[in-house]
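Below: the structure, in structure tokens.
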Amino acid sequence: MPSGTIYKRLLSLPLFQGLSATDLSSIIETSRLGFLPCPSEEAIVTSGAPCRQLVFVMSGRVRVDTWNVSHTYHVVEYLPAPLMIEPERLFGLHQYHLHSYIAEETCRLLTIDKQDVMRIATTHLAVRLNLLNAIATKAQRHELQPWRPTPQTVDNHIVRFFSTHALYPAGKKVYHIKMKQLASELNDSREDISRALHRLQSRGLVTLARGRIIVEALEACLRDG
């Protein structure tokens with residue numbers, strides 16, 4: 001049987017929810033699981049790297065960095081454990097990581113090779129359903145984006161930009177983008193964008209800095225913006 005600590009840690013991960021201690025013991029004994037620390041500021045995975053294994057952040061805090069295609073702006077997010085990193089990238093047309101994940105503090109990681117993921121999912125129904133649910137949920141969220149109501153004000157357009165350029169609709173985000181670039185992305189004037197951002201700042205929803213827009217809590221911005 002796995003120890004109580006390992007059992008609790010594995011059970012906290014979305015892939016293993018619903019498994020018994022006996023099932024977890026079987027997985028540990030028959031799979032190549034990598035338990036390892038990741039020091040602060042070290043990359044966990046990097047954008048563009050092949051996705052050949054499933055990576056979990058079991059403890060710690062992670063910084064996620066995402067660049068647009070032309071590398072004219074990027075978004076930084078801060079996410080807590082437990083975290084399953086891009087399970088959808090194990091399969092499909094583009095099997096490489098889209099985002100870079102960096103440890104904000106020392107993190108504990110679990111890695112499982114793709115072949116073991118497929119074998120475990122085949123053997124354990126709960127794992128198969130958890131993996132399918134994770135991938136389907138992300139696909140459904142993206143599918144809904146084009147059908148949301150059209151923003152009616154510049155402020156709403158900016159908040160929509162924040163939302164569509166974030167992995168998770170909550171927590172701290174830092175948008176490294178100049179007002180001129182944001183105006184171009186939203187097809188509006190720099191002056192209108194500037195005024196709207198200052199309105200959002202006056203309401204405590206964002207903080208403006210040189211070349212950066214800091215959103216301390218995206219959920220508040222989505223609710224009140």
Problem set entry | Modelled label reach - ALA139, point 7 Å along Cα→Cβ, the range 77-116 residues with backbone N closer than 20 Å | 84-99, 114-115
Exercise. What residues qualify as long-range amide H neighbours of ARG61, i.e. H under 5 Å apart, gap of 5 or more or another chain, H built at 1.01 Å from N?
Worked result: GLU104, GLU105
Problem set entry | Acute angle (nearest 10 degrees) that the helix 190-202 long axis makes with the longest principal axis of the chain, alpha-carbon atoms | 70
Problem set entry | Dipole moment magnitude, nearest 20 debye, the range 30-92 about Cα centre, only Lys, Arg, Asp, Glu C-beta charged | 200
Seminar exercise, completed: Result for the chain: accessible area per residue, probe 1.4 angstrom, in square angstrom, of 54
Exercise. What ranking of TYR101, TYR168 comes out by heavy-atom accessible area, probe 1.4 Å, highest first?
Worked result: TYR168, TYR101
Exercise. What list of ³J(HN,Hα) couplings, whole Hz, do you get for the range 180-188 from phi and the Karplus terms 6.51, -1.76, 1.60, once you set θ to phi - 60° and write x for glycine and proline?
Worked result: 4, 5, 5, 4, 5, 5, 9, 6, 9
Exercise. So what J values fall out for the range 206-211 if you push phi through Karplus, 6.51 cos²θ - 1.76 cosθ + 1.60 with θ = phi - 60°, rounded to Hz, Gly and Pro as x?
Worked result: 9, 10, 9, 9, 5, x
For this session: Grab the Cα-Cα distance for TRP147 and THR122, subtract it from 0.36 nm times how many residues apart they are, and report the gain in nm with one decimal.
Result: 5.5 nm
Seminar exercise, completed: Residues of the range 157-195 with backbone N under 15 Å of the label point set 7 Å from the Cα of ILE214 along Cα→Cβ are 172-177
Exercise. Pulled fully out, how much extra length does the chain show between ASP224 and ARG199, if you take 0.36 nm times their separation in residues and subtract their Cα-Cα distance?
Worked result: 7.8 nm
Exercise. Under a point-charge model restricted to the Cβ atoms of Lys and Arg (+1) and Asp and Glu (-1), what is the dipole moment magnitude of the chain relative to its Cα centre, in debye to the nearest 20?
Worked result: 200
For this session: Go through the range 8-20 residue by residue and turn each phi into a ³J(HN,Hα) via Karplus (6.51, -1.76, 1.60, θ = phi - 60°); whole Hz please, and just put x for glycine and proline.
Result: 5, 5, 5, 5, 6, 7, x, 5, 9, 5, x, 8, 8
Exercise. In terms of modelled amide H atoms, which long-range or inter-chain residues lie less than 5 Å from the amide H of VAL45?
Worked result: TYR101
Exercise. What base-10 log of the normalised intensity I(q)/I(0) is obtained for the range 78-225 from the Debye formula, alpha carbons as equal point scatterers, at q = 0.12, 0.13 Å⁻¹?
Worked result: -0.65, -0.74
Exercise. Under a plain spin-label model, where a point goes 7 Å from the Cα along Cα-to-Cβ, how far apart in nm are GLU104 and THR46?
Worked result: 2.3
Seminar exercise, completed: Rounded to the nearest Å, the spacing of the alpha-carbon centers of the range 1-72 and the range 86-163 is 14
Problem set entry | Sulfur and carbon atoms: percent of accessible area, the chain [1.4 Å] | 53
Problem set entry | Cα-based Lys proximity count in the chain, under 24 Å, for pairs eight or more positions apart or on separate chains | 5
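The values are calculated or read from the model by the stated rules, or taken from the named source; none is laboratory data. Everything quoted here is computed from the prediction, not taken from an experiment. With ideal geometry, Cβ positions are generated from the backbone for all residues, glycine too; neighbour counts draw on all protein chains shown. The area values use the complete protein model at the heavy-atom level, side chains included, leaving out ligands, DNA and RNA. Shrake-Rupley method; radii C 1.70, N 1.55, O 1.52, S 1.80 Å.
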